[in-house]
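The values are calculated or read from the model by the stated rules, or taken from the named source; none is laboratory data. Every value quoted in this text rests on a predicted model; they were computed, and no experiment measured them. Every residue, glycine among them, receives a Cβ derived from its backbone with ideal geometry; neighbour counts consider all protein chains shown.
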Amino acid sequence: MADLSNILQSNDDLNEEQLKKYLSGEASAEELHAVEKNMADDPFTNDAVEGLQNFSSEAKLNDYVEQLNKKLHQQLELPKKRKEKRRIKDLSWVIIAVIIILLLCIVAVWVIRIERERQNENNQLKVEFFNKQDNSDDNFIL
């Protein structure tokens with residue numbers, strides 16, 4: 001149903017013009033029979049015709065149909081707007097999460113590098129210390 005303004009689009013047997021003629025009493029015998037047959041076959045059509053008969057004038061009916069169409073379009077737009085808002089919010093959270101993860105990775109690499117440098121310095125100090133001790137032991141033996 002691409003055209004939302006025609007709610008009877010899926011029903012080929014009954015159209016808006018036939019309904020108006022039926023309600024105003026201007027329908028021919030064939031049209032009366034077609035509408036009544038359709039009402040008997042389809043409870044939605046039956047309810048729609050009964051509801052339309054409650055309107056006292058065509059102007060009120062047209063106003064009501066216009067209001068219904070406006071509300072329908074508003075109701076159809078709400079989920080789209082909500083989905084769009086959620087999508088934008090979700091996207092920003094994803095970007096923030098990726099940035100935080102990248103920052104944590106950078107900090108982790110930096111900490112690991114500093115720790116390795118400390119270990120290398122400690123190892124060099126140990127090597128130097130043992131070399132000094134070996135040299136002092138060699139001097140003592142001679």
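Note on segment 25-66: residues that are touching a Lys or Arg at 6+ places or on another chain (Cβ under 8 Å) and in a helix (DSSP H, G or I) total 2.
For Ile106, are the conditions met, namely being part of a helix (DSSP H, G or I) and modelled with pLDDT of 85 or more?
Working: part of a helix (DSSP H, G or I): yes; modelled with pLDDT of 85 or more: yes.
Answer is yes for this residue.
Number of residues in segment 45-66 that are loosely packed, with under 12 Cβ neighbours inside 10 Å and among the hydrophobic types (A, V, I, L, M, F, W, C): the value is 1. Inclusion of Asn69 among residues that are in a helix (DSSP H, G or I), within 30 Å of the chain's Cα centre (by Cα) and surrounded by 10 or more Cβ atoms within 10 Å (Cβ to Cβ) is warranted. Taking the conditions exactly as written (more than 30 Å from Leu52 (Cβ to Cβ) and either part of a helix (DSSP H, G or I) or in contact (Cβ under 8 Å) with a residue 24 or more places away in the chain (or both)), does Asn123 satisfy them or not? Answer is yes for this residue.
Going residue by residue through segment 112-124, is there one that turns out to be among the hydrophobic types (A, V, I, L, M, F, W, C) and at pLDDT 80 or above? Yes, segment 112-124 has at least one match.
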